[in-house]
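Before I ask anything, here is the structure I am working with.
The values are calculated or read from the model by the stated rules, or taken from the named source; none is laboratory data. For clarity, every value in this text was computed on a predicted model and none was experimentally measured. Cβ placement follows ideal geometry from the backbone for every residue including glycine, while neighbour counts extend to all protein chains displayed.
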Amino acid sequence: MAKEFPTSAAWKRLFEELHIRRHLEEKGIFPLTARQIHTIAKREPRLMTKFDRRGQRPRILAELGVTILPVSNGEYVLAKGDGYYSLPATEKVVPYDSRKLSAVETIPWREGVTSEPQATDALFMASAIRSFAGDESLLLTIRGKLRSHPFEFDFQTRHRKERIRVSGVQIEIDSGFEGRSVVLLEAKYGTVQDFIIRQLYYPYRHFLATGVTKKILPVFFVYSNRVYSLYEFSFPDPENYQQIKLQRQVHYTLEESAPIPSLATVLEGRRKASPENVPFPQADDLSKVIDVAELLSAGPADKFEVAEKFDVDPRQGDYYGNAAAWVGLANKLGAQFRLTGEGEEFVRKNRTDRLTWLARRVCQMPVFHEAARAFLADHAIDPNRIAHLIEKQSNLIGTTPARRALTVQSWIRWLAQELPG
């Protein structure tokens with residue numbers, strides 16, 4: 001039997017002792033306190049309740065489709081309903097004039113920033129946030145933790161609509177700007193597929209409750225591989241949590257655009273042997289491998305630090321660190337991942353040169369080379385054939401090659417999306 005992570009095991013204990021499954025199946029909602037978590041699960045409530053993305057949830061919560069929402073200091077509700085939002089595919093990347101940053105030396109915006117505040121501040125100083133909001137009068141006025149004013153909202157569970165009351169919950173504003181309007185920005189470092197709506201909704205409702213009369217713009221901001229992605233949302237019915245609407249998205253880069261070679265061109269390069277003593281990749285998001293390299297440019301990090309930065313569990317933090325090592329950007333010394341010489345050169349490259357380098361390196365590798373050729377031939381990759389190739393090229397057996405084949409498919413499809421055909 002596979003070893004369980006402490007959080008998963010702790011949630012099983014809570015479900016068993018409090019009969020949570022039965023209550024959720026009957027009513028669609030279950031109240032839970034920090035005291036119960038401490039007493040029964042023997043874990044910190046924050047570690048047991050903070051799942052900012054669907055995929056972070058322990059299996060028992062994911063299978064039941066549970067969203068955890070704080071309602072007061074030390075009190076939560078488990079709601080059997082989807083409280084997350086899936087981001088759409090990235091649209092065209094737009095170069096933004098970076099001349100206002102030309103004299104800035106204390107934020108590494110040319111080499112690649114390494115934190116959410118750096119990314120936010122660089123974009124704001126370039127005036128891109130003002131441009132996005134259509135408000136040149138914006139000033140930074142909010143940053144940090146607050147206790148929410150009381151508010152109520154409707155949440156649709158799989159059974160019925162529930163009225164949820166919130167008061168005194170801790171909320172955190174990554175950055176808030178005020179001018180003719182108010183922009184509330186939730187920032188993420190690294191690629192994101194989805195997020196919990198609470199991160200935008202609670203700050204929005206808090207400032208409505210404080211009496212703010214200006215237009216409030218909830219904005220989700222993602223920095224990854226030198227692209228600054230801004231998503232503006234609205235809540236047409238402020239008292240309906242799940243009635244979130246994407247108004248628009250813009251993806252900025254602070255460097256000049258340059259032509260990217262085609263996938264067919266990068267396949268012409270000389271093939272390499274698979275690296276020794278590095279696990280075959282099992283991290284499905286290739287763009288996060290770039291993010292790991294940028295993170296390591298600030299210094300070595302272990303799997304826990306990688307996991308915390310990208311809101312994943314430590315096991316996945318290890319997967320992504322090892323994937324960076326597999327392509328040659330990092331190596332692992334003891335428990336820590338460090339940039340190699342190639343990795344240091346990589347983070348100094350512009351976005352186009354990074355994509356070109358990474359595509360060439362991946363497509364030089366056995367299995368990935370064959371998969372890329374197959375994709376170019378008919379835009380399809382046979383996972384069974386890829387699994388067979390993995391088995392031949394490695395010591396992996398059983399069902400493992402089939403799982404690793406999914407990683408190969410994901411990487412090649414991402415490259416095909418980023419590079420011309």
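Quick check on my filter: what residues within region 276-303 are farther than 20 Å from Thr340 by Cα and either free of Cβ contacts under 8 Å to residues at least 24 places away in the same chain or surrounded by 22 or more Cβ atoms within 10 Å (Cβ to Cβ) (or both)?
Asp285
For region 126-142, how many residues are of a type in the set (Gly, Ala, Ser) and part of a loop (DSSP other than H, G, I, E, B)? Please lay out each step first, then the result.
First, pick out the residues of region 126-142 that are of a type in the set (Gly, Ala, Ser): 126-128, 131, 133-134, 137.
With the extra rule that they be part of a loop (DSSP other than H, G, I, E, B), the set shrinks to 126-127, 134, 137.
Number of matching residues: 4.
Any residue at all in region 182-201 that's over 30 Å from Glu305 (Cβ atoms) and out of contact with any His (no Cβ under 6 Å at 6 or more places or on another chain)?
Yes, some residue in region 182-201 is over 30 Å from Glu305 (Cβ atoms) and out of contact with any His (no Cβ under 6 Å at 6 or more places or on another chain).
Looking at region 304-313 only, could you name the residues that are surrounded by fewer than 23 Cβ atoms within 10 Å (Cβ to Cβ) and free of Cβ contacts under 8 Å to residues at least 60 places away in the same chain?
If the condition is that a residue be surrounded by fewer than 23 Cβ atoms within 10 Å (Cβ to Cβ) and free of Cβ contacts under 8 Å to residues at least 60 places away in the same chain, then Phe304, Glu305, Ala307, Glu308 are the ones that fit.
Given the structure, is Tyr231 touching a helix residue (DSSP H, G or I) at 6+ places or on another chain (Cβ under 8 Å), at pLDDT 95 or above and crowded, with 22+ Cβ neighbours inside 10 Å?
Values: touching a helix residue (DSSP H, G or I) at 6+ places or on another chain (Cβ under 8 Å): no; at pLDDT 95 or above: yes; crowded, with 22+ Cβ neighbours inside 10 Å: yes.
When the stated conditions are applied, Tyr231 does not pass them.
Filter region 242-264 down to residues that are without any contact (Cβ under 8 Å) to a residue 40 or more places away in the chain and not polar (S, T, N, Q) and give me whichever is farthest from Ala126 (Cα to Cα). Lay out the reasoning, then the answer.
Kept after step one, since they are without any contact (Cβ under 8 Å) to a residue 40 or more places away in the chain, are these residues of region 242-264: 243, 245, 247-248.
From the residues that got through so far, the ones that are not polar (S, T, N, Q) too are 245, 248.
Numbers: Lys245: 27, Arg248: 20 Å.
Filtering first and then ranking leaves Lys245.
Please work out which residue is surrounded by the fewest Cβ atoms within 10 Å (Cβ to Cβ), limiting yourself to region 234-266 and to residues that are polar (S, T, N, Q) and over 20 Å from Lys349 (Cα atoms). Quick ask: steps written out before the conclusion?
Keep residues of region 234-266 that are polar (S, T, N, Q), which gives 234, 240, 242-243, 247, 249, 253, 257, 262, 265.
With over 20 Å from Lys349 (Cα atoms) added as a condition, the list becomes 234, 240, 242-243, 247, 249.
Working: Ser234: 15, Asn240: 15, Gln242: 19, Gln243: 16, Gln247: 11, Gln249: 18.
Among those residues, the one meeting the criterion is Gln247.
Any residue that is of a type in the set (S, T, N, Q), within 30 Å of Gln243 (Cα to Cα) and out of contact with any Asp or Glu (no Cβ under 9 Å at 6 or more places or on another chain) - is there at least one of those in region 90-98?
So the first thing to find is which residues in region 90-98 are of a type in the set (S, T, N, Q), and the list is 90, 98.
Pick out the ones that are also within 30 Å of Gln243 (Cα to Cα) and you get 90.
Checking the rest, the ones that are also out of contact with any Asp or Glu (no Cβ under 9 Å at 6 or more places or on another chain) come to 90.
Yes, region 90-98 has at least one match.
One line per residue, one yes/no per condition, for (1) under 19 Å from Asn73 (Cα atoms); (2) hydroxyl-bearing (Ser, Thr, Tyr); (3) in contact with a strand residue (DSSP E or B) (Cβ under 8 Å, 6 or more places away or on another chain):
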position	(1), (2), (3)
Ser127	no, yes, no
Phe155	no, no, yes
Asp174	no, no, yes
His206	yes, no, yes
Lys214	no, no, yes
Leu230	no, no, yes
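From the set of residues in region 173-210 that are part of a helix (DSSP H, G or I) and either without any contact (Cβ under 8 Å) to a residue 40 or more places away in the chain or under 21 Å from the mean Cα position of the chain (by Cα) (or both), which is farthest from Arg57 (Cα to Cα)?
Looking at residues that are part of a helix (DSSP H, G or I) and either without any contact (Cβ under 8 Å) to a residue 40 or more places away in the chain or under 21 Å from the mean Cα position of the chain (by Cα) (or both), I get Phe207.
Please count how many residues of region 160-172 are in a strand (DSSP E or B), in contact (Cβ under 8 Å) with a residue 24 or more places away in the chain and of a type in the set (D, E, K, R).
Adding up the residues that qualify gives 3.
Further, regarding this structure: So for region 146-155 (the condition being in contact with a His (Cβ under 9 Å, 6 or more places away or on another chain), surrounded by 12 or more Cβ atoms within 10 Å (Cβ to Cβ), at pLDDT 95 or above and assigned to a loop (DSSP other than H, G, I, E, B)), does at least one residue qualify?
Yes: one or more hits.
Let me confirm something: among Phe51, Phe30, Phe15, which residue is touching a residue at least 40 places away in the same chain (Cβ under 8 Å), under 16 Å from Val312 (Cα atoms) and not assigned by TED's automatic domain parsing to the domain that holds Gly190?
From the options Phe51, Phe30, Phe15, the qualifying one is Phe51.
Considering each of Pro150, Pro70, Pro88, Pro95 in turn, give the residue that is of a type outside the set (Gly, Ala, Ser) and under 30 Å from Glu345 (Cα atoms). Full working, then the answer.
Details: Pro150 fails: under 30 Å from Glu345 (Cα atoms); Pro70 fails: under 30 Å from Glu345 (Cα atoms); Pro88 fails: under 30 Å from Glu345 (Cα atoms).
Just a single option satisfies the conditions, and that option is Pro95.
For the condition closer than 30 Å to Leu254 by Cα and not charged (D, E, K, R), what is the one hit in Val94, Val66, Val77?
Val94
Restricting attention to helices (runs of 4 or more DSSP H) lying wholly within region 31-125, give those where 2 or more residues are exposed (fewer than 15 other Cβ atoms within 10 Å of the Cβ).
Values: elements: 45-49, 59-64, 116-125.
Fully inside region 31-125 and qualifying: 45-49, 59-64.
Of everything in region 211-254 that's aromatic (Phe, Trp, Tyr) and in a strand (DSSP E or B), which residue is farthest from Val66 (Cα to Cα)?
Residues of region 211-254 that are aromatic (Phe, Trp, Tyr), as a first pass: 220-221, 223, 228, 231, 233, 235, 241, 252.
Of the ones still in play, those that are also in a strand (DSSP E or B) are 220-221, 223, 228, 231, 233, 252.
Numbers: Phe220: 22, Phe221: 25, Tyr223: 28, Tyr228: 31, Tyr231: 25, Phe233: 23, Tyr252: 34 Å.
In this case the residue turns out to be Tyr252.
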